[in-house]
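The structure under discussion appears below in the form of structure tokens.
The values are calculated or read from the model by the stated rules, or taken from the named source; none is laboratory data. Predicted model only: the values in this text are computed from it and were never measured. Quick reminder, even Gly has a Cβ in these numbers, built from the backbone with ideal geometry, and neighbours come from all protein chains shown.
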Amino acid sequence: MTLNDDQWIKIGLSFESLIFGMSLISAMILVSVLMFNYLNFKHKFNQLILKLYDHVAHYLPTNQGEYRLGVILSLTAGVCEEIAYRGFLFWQFSQVMDFWPSVITANLAFALAHYGTGVKNCLASFAIGIFLSLMYWWTGDLWVSIIIHIFIDLI
């Protein structure tokens, strides 16, 4: 089954909330950039981040150029992964399975896509994916999951 222009709503992409979502995403990016500029030079903060994210520390930005690319990656990952996993894949599975098997299966795929960053991140991705799925189900709007995903990645 494929989606046409009239069916984007089936995967939760309500374009009515697009302006609000884009405004919130822009504000998150601005706050993130300001925090990076301020906190990047605080030694204790850097040590805390490295301790929390030691399993993916080699991915963390070390300068402004890398940070800008990280922001772009956060945006694209948030949008594309949510459309792919919480939107389209969940929708496809829900055509042939009940709610929970669809959620679990879509998020297993999401978690396995993050396996390259280590088992710890793979497990965290599964748990976060379940949360994002429930937020999507609760609101019926995929933009909520997209915004939360971008926020998590920006942190």
For region 60-80, indicate whether the set of residues that are farther than 22 Å from MET35 by Cβ and surrounded by fewer than 16 Cβ atoms within 10 Å (Cβ to Cβ) is non-empty. yes
Regarding ALA111, is this residue at pLDDT 95 or above and surrounded by 14 or more Cβ atoms within 10 Å (Cβ to Cβ)? yes
Considering only region 77-90, I want to know if a residue exists there that is modelled with pLDDT under 95 and on the phi > 0 side of the Ramachandran plot. no
